[in-house]
Amino acid sequence: TQEKRLFVANHWKWCFQFAEIVKDRLNSSENVVWAHRLEMEEDNLRFAIQNAPTNSRRYQLITPLTRFWHYRGKAHEGRRWTVYALENRSDVEPIHLSKVLNGAGLFSMLMNDHLSAKNYYEQCLALCERENIPEVMSTVYNNLGITLLDLGDREKARHYYNQAADYSRRLNDKECLARALANLAGLATEDHRFEEGLRYYQESYKIKQEIQDVRGVAFIVMCLGVVEYERKNYLEAFQYNQRALTEFHALEDRYNIFMCLSYFVMILAESSEPEQAIAYNEALESLMERHDTPIPEIERSARIEKLQTVAQTLTESQLVALRREGGQWSLEETLEKILKRDVL
């Protein structure tokens, strides 16, 4: 009926405007308040996506929610809705289609389905090139680079990160430029070109401060900890990690909390309490499962390899006891144990 159509249209409009407002606040110090407000409206948002007045409107609403699903560790939710939308691409403007393709790639990547991510990103890039959508192109260059790195193609990853940086500078897209610089820094760090990596991180850090990206600043602090870890400066690595973890805890950013915990396990495995790394790793694995928030498989592989070396120095009963201990910790307990430490 006309009345029902009017209700659906007005309901969608309210949800879209609300999601747009929240999206712009998710990198700020107000993140937690606005994320909680959005979570209170999740049933409304799902209804609005499912019953959008047009296919194009469905795509438009999914786009501002992508950042929320990412930061709140809701990769399954994000993947569900982006894939659902992509089943019907009729009457959707290229700009909206490109953003949802990029979102589908992001959530596939977060769930370690790198081949699907690559497919979505390549579709998105082809569309952006064909329709001349540079603002999405710079983002998808970055994301495709991350996925190719996960698939082992370092040189192509480097190429796409540089493309992302070039496009971002041209568009004056500071948020995307900061991400590209951080990705280039990560590659340099992995290649043990530490000074180059630090230069990229410092430039990225300055941009993130300039645009008041609280989450982004915390991310660079976490990455600086990785540089110090790779240089075998374990105390400095721990101090950076602890600072980043404090910020991510305040932001309730589960995904990056678990990234910090993963790096903390690596630091512990090579410091004064290697056996404790076993307990913290068990806590991390259990918490990721309980909160349904995976982190990249490539991070897990490096961590598990380190722990195998530690495990060889312990008896089977010691291993069982440490794993039982860590597996029982809540997220708050685990964070409190790390954040109250003065030393490693």
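The values are calculated or read from the model by the stated rules, or taken from the named source; none is laboratory data. Here the structure is a predicted model, which means the values were calculated and not measured. A quick note on method: Cβ atoms are made from the backbone with ideal geometry, for glycine too, and the neighbour counts reach across all protein chains shown. Each accessible area value is taken on the protein alone, full model and side chains, heavy atoms only, with ligands, DNA and RNA left out. Shrake-Rupley method; radii C 1.70, N 1.55, O 1.52, S 1.80 Å.
Couple of notes before you dig in:
- Those residues of region 271-291 which are of a type in the set (S, T, N, Q), part of a helix (DSSP H, G or I) and over 24 Å from the mean Cα position of the chain (by Cα), in sequence order: Gln276
- Verdict on Gly105 being crowded, with 24+ Cβ neighbours inside 10 Å and not hydrophobic (A, V, I, L, M, F, W, C): yes
- Pick from region 65-105, criterion part of a loop (DSSP other than H, G, I, E, B) and basic (Lys, Arg), ranking: modelled with the highest pLDDT: Arg89
- Among residues of region 330-343 being in contact (Cβ under 8 Å) with a residue 60 or more places away in the chain and in a helix (DSSP H, G or I), the one that is nearest to Asn112 (Cα to Cα) is Leu331.
- Residue ID - modelled with the lowest pLDDT, chosen from residues in region 197-216 that are touching a Lys or Arg at 6+ places or on another chain (Cβ under 8 Å) and buried (at least 19 other Cβ atoms within 10 Å of the Cβ): Gly216
- Qualifying positions in region 110-133 - in a helix (DSSP H, G or I), open to solvent by 20 Å² or more (accessible area, probe 1.4 Å) and among the aliphatic types (A, V, I, L, M): Leu115, Ala126
- Residue match in region 157-167 (condition: in a helix (DSSP H, G or I) and either touching an Asp or Glu at 6+ places or on another chain (Cβ under 7 Å) or more than 21 Å from Ser204 (Cβ to Cβ) (or both)): no
- Scanning region 1-20 for residues that are open to solvent by less than 100 Å² (accessible area, probe 1.4 Å) and of a type in the set (Phe, Trp, Tyr) yields Trp12, Phe16, Phe18.
- Sole exception among (1) in contact with an Asp or Glu (Cβ under 9 Å, 6 or more places away or on another chain); (2) without any contact (Cβ under 8 Å) to a residue 60 or more places away in the chain for Ile298, by number: (2)
- Yes/no for Val140 being open to solvent by less than 40 Å² (accessible area, probe 1.4 Å), of a type outside the set (Ser, Thr, Tyr), touching a residue at least 40 places away in the same chain (Cβ under 8 Å) and in contact with a Ser or Thr (Cβ under 6 Å, 6 or more places away or on another chain): no
- Some residue of region 307-329 being assigned to a helix (DSSP H, G or I) and within 25 Å of Ile220 (Cβ to Cβ): no
- Within region 287-328, tally of residues that are over 30 Å from Ser108 (Cβ atoms) and open to solvent by less than 80 Å² (accessible area, probe 1.4 Å): 9
- Residues satisfying the stated conditions in region 45-90, i.e. of a type outside the set (Gly, Ala, Ser), free of Cβ contacts under 8 Å to residues at least 40 places away in the same chain and under 22 Å from Ala9 (Cβ atoms): Leu45, Arg46, Phe47, Ile49, Gln50, Thr54, Asn55, Arg58, Trp81, Tyr84, Asn88, Arg89
- For beta carbons closer than 9 Å, sequence separation of 6+ or different chains, a first residue in region 150-165 that is closer than 15 Å to Arg179 by Cβ and open to solvent by less than 70 Å² (accessible area, probe 1.4 Å) and a second that is among the aromatic types (Phe, Trp, Tyr) and in a helix (DSSP H, G or I), the qualifying pairs are Tyr160/Tyr141; Tyr161/Tyr141; Asn162/Tyr141; Gln163/Tyr141; Ala164/Tyr141; Ala165/Tyr141.
- Of all residues making up region 21-64, the number that are under 24 Å from Glu175 (Cα atoms), open to solvent by less than 60 Å² (accessible area, probe 1.4 Å) and either modelled with pLDDT of 95 or more or assigned to a helix (DSSP H, G or I) (or both): 13
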